[in-house]
Number of protein chains: 2
Amino acid sequence: MNMLSMKASHDSHGQDSSYFLGWQEYEKNPYHPFQNPNGIIQMGLAENQLSFDLLESWLQKNLDIVGLKRDGVSVFRELALFQDYHGLPAFKNQLVNFMAKIRENRVKFSAEKLVLTAGATPANEILMFCLANPGEAFILPTPYYPGFDRDLKWRTGVEIVPMHCSSSNGFKITSFALEQAYQQAQKQSLKVKGVLVTNPSNPLGITMTKTELNHLVDFAIDKGIHIISDEIYSGTVFNSPKFVSIMEVANERSSQFHEILNRVHIVYSLSKDLGVPGFRVGMVYSNNEMVVSAATKMSSFGLVSSQTQYLLAHLLSDENFTLKYLEETQRRLKQRREVLVSGLRNAGVRCLKGNAGLFCWVDMRNLLSSSTFEAEKELWKKILYQVGLNISPGSSCHCSEPGWFRVCFANMSEDTLRVAMRRMKAFTDSVFSANFNGIRRSGFAQHNTNYATRSSIGKWVFQLSLHEESEPCTHCEL
Amino acid sequence: MNMLSMKASHDSHGQDSSYFLGWQEYEKNPYHPFQNPNGIIQMGLAENQLSFDLLESWLQKNLDIVGLKRDGVSVFRELALFQDYHGLPAFKNQLVNFMAKIRENRVKFSAEKLVLTAGATPANEILMFCLANPGEAFILPTPYYPGFDRDLKWRTGVEIVPMHCSSSNGFKITSFALEQAYQQAQKQSLKVKGVLVTNPSNPLGITMTKTELNHLVDFAIDKGIHIISDEIYSGTVFNSPKFVSIMEVANERSSQFHEILNRVHIVYSLSKDLGVPGFRVGMVYSNNEMVVSAATKMSSFGLVSSQTQYLLAHLLSDENFTLKYLEETQRRLKQRREVLVSGLRNAGVRCLKGNAGLFCWVDMRNLLSSSTFEAEKELWKKILYQVGLNISPGSSCHCSEPGWFRVCFANMSEDTLRVAMRRMKAFTDSVFSANFNGIRRSGFAQHNTNYATRSSIGKWVFQLSLHEESEPCTHCEL
């Protein structure tokens, strides 16, 4: 064993969390409406499958491009040889246009500040390699994407200091929580080099407000540290408030403190907004020349296939297509999310109010046997094995409160989503009914009169819980 | 500046060597037969451009595949979503078949031991992350590929201990040299975790003999360390002796010492053998389950585009095509190399005997003003700026003897290669003539009678040198 590195022989990759384990279970027994109707439904995968018809229709009209031709002449040779880590200029120009379009042109991006990477995964790791030495730290608001433990820490040796957000304010970022995390890092003798946020948030499915972004900038100015904003879901924002990029706020604040521009970095990708994770297109955007220079060299460890750059450069250059694609996809996401939210509501479960992303952040505290992470895991296993839904427990996202789950809604057909909702309904009915009977037998109902009252109002407010502390979430949708 | 990491703010990426500087100069003033006939000819780029006609003809016959269809039906959706880091099974099966074919099926490979990476660059880095901790070391025979300083060391913190090979035995790997390097590492308190070789060698353009490979295995067994064999040029072997993979030797030796199988790892890529570096297809092959498991997870930082996997899976599945492609490419490489060797011979410069690769290892010691690396750099600059050829000096490959250069021959047309050879001839004529006149004036010719004798035999043996130590290379082609 000791012939291998620590990285290879230890579990520091973080892939043993229930987030990844749920995937493995799904793969053993995947749901299919006819071939395996009792299989597990994958609701742990943040894929955007809602607009393939639009993409396929574009491809059908552009067979020359798909076929690696330009004006009828093959460009195969040119592409086969193109391994310049600066990327295809035409592709990068279209990418910065697309990024600006998503931000309604309130901010402009320039192609020479963009570094292409094979997905957002290497983009995040590259920024860690550029901004922090091994043993230095980044603050991450919780709950955060489970993959970050692997992506940010594993090979870089960088540490993550969690900043605990609370359901009491809808998991918002506050100056107080940032400062607390910073103090915590100091106690652990960790040098903090920056804060990394996902905006729109994965797993919360919400955008950051301008107030939150300004708190973040204040904090970064005060401590002399970096901000990384992972904005890979920026094109999925389907409801107000509108998406505000960190770059807009940094630009506004730069008149007062110019240096902040050099310390704000964006990670972007086409995997979510365009629904093409298999094509591995990610990027780092930075105003910091040294970061761009180092990140470009590091991009050698994960360049984007030139074949893919060529295809997507042409796709994105079609203005009519991209506008229609974004608008239609956002409309469909909104509609699909409503199916999930109303389905869960019908099952007595509520979702955090959301306006973006491919998932809901779901409050299942009323289904826990106790307000503990053990109870959360127990519930997760029940939902995975008995109900047949793979959802992601909040603990895998380092959420500090047990009972929250990320539930994806855009990686399946509407029919499948409705099957999932029926299963949830049957499950919660059985839980609530068992609890209710238990309560009747133990006289617990008399003690908890508020539950009985609520249950008479409607099923969705039937907040039965075996533990008494659970407060209804005021930031959830009614 | 201390806001950034050491990696981003220091030059440890190794990209400031003359190898990379020459590329930059070329890009400022690239040769074109009509538009820029006095521009720099790029002979520093190991690209295989000789068989695009074969690839394009295959594509022309397989428009459905290029167009992302299967039996006329689009597979776009399926591919767009495919981001499994285990790779497309069909592609991996074809890759292991192709690897076996190149080794004439003397060794078999199995798809589940193969990890796909976005090129050989991340494959080599991933093996460093898996096999060594920061501060531990790998031994590399010199001269070696200049990019290794970046690829192996920069982000991993692994050290390279050079093992000095000598022109006196044709730069062969010996047990003595391996042991010397090991002792050197111990003096520097570096723990050696393995040896990394390129076979066929870049920059030497030769394959390793079975004797050398056995020395390597003996050494790895003796010291309890790993062997990485970067075999990205294995399909380019155009002359005897045949290519022997480390895996063949390891298999033979495993009856005597089974554990060695777990410590031999191959890096492979389609960039050189198939001439498609822009498509970013590389891989790690290992019998070591823990290495495969960790490398698979690390491959998330540089996955291969599913679009590219699909296309190349089908290309490689065409047995007739691959056999013909390999045979014809090797024939063309052999012929093209002969143009280079005879052109240089005509200019009084000799090449190490070679049988593989896209380059020659060229002995220009007779053109140095002194046997120093300063003189080598001076000559390199003359050839770059005055002659207009970008070739790679041995010093950029960490060669321990000044005066050797890597010259690529497969990344240009034959016409361009002939222009390069005419330029070389004119250059060496002027050098030899100036030297000869200088010698006549100083009486140096009388002192060095051997040169005068040789010059009467033929121009190519006109080994004029301003320093006297230069011995003709007995391992060079006559």
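Observations on the structure shown:
- Each residue in the stretch B:134-165 was checked for being open to solvent by 10 Å² or more (accessible area, probe 1.4 Å) and within 17 Å of B:GLN186 (Cβ to Cβ), and 6 of them qualify.
- In the set B:GLY388, B:GLY343, B:GLY348, only one residue is at positive phi, more than 19 Å from the chain's Cα centre (by Cα) and surrounded by fewer than 23 Cβ atoms within 10 Å (Cβ to Cβ); that residue is B:GLY388.
- Boolean, B:LEU178 is under 24 Å from the mean Cα position of the chain (by Cα), of a type in the set (A, V, I, L, M) and in a helix (DSSP H, G or I): yes
- Candidate set: the stretch A:333-375, residues that are touching a Pro at 6+ places or on another chain (Cβ under 9 Å) and small (Gly, Ala, Ser); chosen: the one nearest to A:LYS272 (Cα to Cα): A:GLY357
- Of the residues making up the stretch B:129-166, those that are within 21 Å of B:VAL264 (Cα to Cα), away from chain A (no Cβ under 14 Å) and either of a type in the set (D, E, K, R) or outside any loop (DSSP other than H, G, I, E, B) (or both) are B:ILE139, B:LEU140, B:PRO141, B:THR142, B:ILE160, B:VAL161, B:PRO162, B:MET163.
Yes/no per residue for (1) open to solvent by 10 Å² or more (accessible area, probe 1.4 Å); (2) touching a Ser or Thr at 6+ places or on another chain (Cβ under 9 Å); (3) assigned to a helix (DSSP H, G or I); (4) on the phi > 0 side of the Ramachandran plot:
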residue	(1), (2), (3), (4)
A:VAL362	no, no, no, no
A:GLU378	yes, yes, yes, no
A:SER400	yes, yes, no, no
A:LEU417	no, no, yes, no
A:MET424	no, no, yes, no
A:PHE427	yes, no, yes, no
A:PHE436	yes, yes, yes, no
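- Meets criteria (at pLDDT 95 or above and open to solvent by less than 10 Å² (accessible area, probe 1.4 Å)) for A:GLY354: no
- Of the numbered criteria (1) touching a helix residue (DSSP H, G or I) at 6+ places or on another chain (Cβ under 9 Å); (2) within 18 Å of B:CYS397 (Cβ to Cβ); (3) more than 12 Å from chain A (Cβ to nearest Cβ), the one B:ASN169 fails is (1).
- A:GLU112 vs. criteria more than 12 Å from chain B (Cβ to nearest Cβ) and in contact with a Leu (Cβ under 8 Å, 6 or more places away or on another chain): no
- Across the stretch A:1-30, the qualifying residues are those that are within 14 Å of another protein chain (Cβ to nearest Cβ), modelled with pLDDT of 85 or more and assigned to a helix (DSSP H, G or I), and the one among them that is nearest to A:GLY147 (Cα to Cα) is A:TRP23.
- Among the candidates A:SER51, A:SER57, A:SER74, the residue that is in contact with a helix residue (DSSP H, G or I) (Cβ under 7 Å, 6 or more places away or on another chain) and modelled with pLDDT of 95 or more is uniquely A:SER51.
- Test: B:PRO122 is crowded, with 23+ Cβ neighbours inside 10 Å and modelled with pLDDT under 95: no
- For the stretch B:172-217, the tally of residues that are among the small types (Gly, Ala, Ser), in contact (Cβ under 8 Å) with a residue 40 or more places away in the chain and more than 14 Å from chain A (Cβ to nearest Cβ) stands at 5.
- Selection count, the stretch B:287-297, where residues are in contact with a helix residue (DSSP H, G or I) (Cβ under 9 Å, 6 or more places away or on another chain) and more than 7 Å from every other protein chain (Cβ to nearest Cβ): 6
Yes or no, residue by residue, for (1) farther than 21 Å from B:GLY357 by Cβ; (2) among the hydrophobic types (A, V, I, L, M, F, W, C); (3) modelled with pLDDT of 95 or more:
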{"site": "B:GLN83", "(1), (2), (3)": "yes, no, no"}
{"site": "B:ALA90", "(1), (2), (3)": "yes, yes, yes"}
{"site": "B:GLN94", "(1), (2), (3)": "yes, no, yes"}
{"site": "B:ALA111", "(1), (2), (3)": "yes, yes, yes"}
{"site": "B:PHE129", "(1), (2), (3)": "yes, yes, yes"}
{"site": "B:LEU140", "(1), (2), (3)": "no, yes, yes"}
{"site": "B:VAL161", "(1), (2), (3)": "yes, yes, yes"}
{"site": "B:SER166", "(1), (2), (3)": "no, no, yes"}
{"site": "B:THR174", "(1), (2), (3)": "yes, no, yes"}
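- Residue in the stretch A:58-81 that is more than 10 Å from chain B (Cβ to nearest Cβ), under 23 Å from A:ASN202 (Cβ atoms) and touching a residue at least 12 places away in the same chain (Cβ under 8 Å) present: no
The values are calculated or read from the model by the stated rules, or taken from the named source; none is laboratory data. Note that the structure is predicted; figures quoted are calculated from it, not measured. FYI the Cβ positions are ideal-geometry reconstructions off the backbone, even for glycines, and counts take in every protein chain you see. Protein only, heavy atoms only, side chains kept; ligands, DNA and RNA dropped before computing areas. Shrake-Rupley method; radii C 1.70, N 1.55, O 1.52, S 1.80 Å.
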